[in-house]
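Asker: Let me begin by handing over the structure; questions about it come next.
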Amino acid sequence: MADKSRTPMRRKEKKEKETPEKKKDVKDVKKEAEQGAPAVGNGEGPSAEAGASNGAAATDQNGEFQVEAIELPPFEIIHGDRIDPFAFRFQFKNVEYSSGRNKTYLCYLVDSGQSDDGLLRGYLEDEHSGSHAEEAFFTQCLPHYDPALKYTVTWYVSSSPCSACAAKIAEVLKARTNVKLSIFSARLFEWEEAEIQAGLKALHAAGCKLRVMKPLDFSYTWETFVENEEQPLNLWEDCKENYEYYHEKLADILQ
């Protein structure tokens, strides 16, 4: 899968200032990533049995072949209820230069039309060592998909899908016509690349609603999906300006 740390913007030679607060945010995010978390099975990554089957063969005292266990790869997907506030401020910031933001945070709301169940809410975070968060959503968050129900799904993502994810999402939406998906992205991922533009167009053609996150969307996501301790989100200075720029580029792509 593609690395989402690359930045597409070229309108200005303006770089984000390195403030002590930002350095602290980046440090916390990196520390959090290095510590890792237990792997969450998503139906895509290797299972314990599969890992063992790939291990080196050995022979015991009775001459029977045994398989030696091997170390499993790092966790791929984190599935949780609320995001760490430092991670949110760093990953969702709609900056022009997105260096270091090489993962995807996906906050989701799912309405299946069943009033007793209410809205399904949570977030996914990927490490790009396997499945991306967009793909993992359908295996982890909708594992008991019912074709008889009507699903209204809303994503708030730190970056728009890569071309591979866009193609897979479009396939799902074509196969599951009872799923209506809206994607609100903080940033557009490599929007200048032809394959990325083709992927966004394919999503649009499959019925997916695509939009760039407005300043109010950042505040809503902060209140709904972040461990904010009831503190308001102080939006960065160029939040509205960057939204308008990305909004214009997305409109040009989808026209």
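The values are calculated or read from the model by the stated rules, or taken from the named source; none is laboratory data. The structure presented is a predicted model; accordingly, all values stated were derived computationally and were not measured. Quick reminder, even Gly has a Cβ in these numbers, built from the backbone with ideal geometry, and neighbours come from all protein chains shown. Calculation scope for accessible area: heavy atoms of the full protein, side chains included, ligands and nucleic acids excluded. Shrake-Rupley method; radii C 1.70, N 1.55, O 1.52, S 1.80 Å.
Asker: Has segment 121-129 got at least one residue that is within 25 Å of Asp252 (Cβ to Cβ) and either touching a helix residue (DSSP H, G or I) at 6+ places or on another chain (Cβ under 6 Å) or crowded, with 21+ Cβ neighbours inside 10 Å (or both)?
Answerer: There is no residue in segment 121-129 that is within 25 Å of Asp252 (Cβ to Cβ) and either touching a helix residue (DSSP H, G or I) at 6+ places or on another chain (Cβ under 6 Å) or crowded, with 21+ Cβ neighbours inside 10 Å (or both).
Asker: Can you name the residue in segment 143-186 that is part of a loop (DSSP other than H, G, I, E, B) and open to solvent by less than 10 Å² (accessible area, probe 1.4 Å) and is also nearest to Cys239 (Cα to Cα) among such residues?
Answerer: The qualifying residue nearest to Cys239 (Cα to Cα) is Ala186.
Asker: Okay, moving on. Could you run through segment 217-239 and say how many residues are open to solvent by 90 Å² or more (accessible area, probe 1.4 Å), of a type in the set (D, E, K, R) and more than 22 Å from the chain's Cα centre (by Cα)?
Answerer: Matching residues across segment 217-239 total 3.
Asker: For segment 146-165, name all the residues that are modelled with pLDDT under 95 and aliphatic (A, V, I, L, M).
Answerer: Listed by number, the residues that qualify are Ala148, Leu149, Ala164.
Asker: Pairs needed: first member in segment 214-226, over 16 Å from Asp81 (Cβ atoms); second member anywhere, in a helix (DSSP H, G or I) and open to solvent by 10 Å² or more (accessible area, probe 1.4 Å); C-beta distance under 7 Å; at least 6 residues apart or different chains.
Answerer: Listed by first residue and then by second, the contacts come to Lys214/Tyr243; Pro215/Lys240; Pro215/Tyr243.
Conditions tested, residue by residue: (1) out of contact with any strand residue (DSSP E or B) (no Cβ under 8 Å at 6 or more places or on another chain); (2) at pLDDT below 80; (3) within 25 Å of Val172 (Cβ to Cβ).
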{"position": "Val67", "(1), (2), (3)": "no, yes, no"}
{"position": "Phe92", "(1), (2), (3)": "no, no, yes"}
{"position": "Asn102", "(1), (2), (3)": "yes, yes, yes"}
{"position": "Val110", "(1), (2), (3)": "no, no, yes"}
{"position": "Gln140", "(1), (2), (3)": "no, no, yes"}
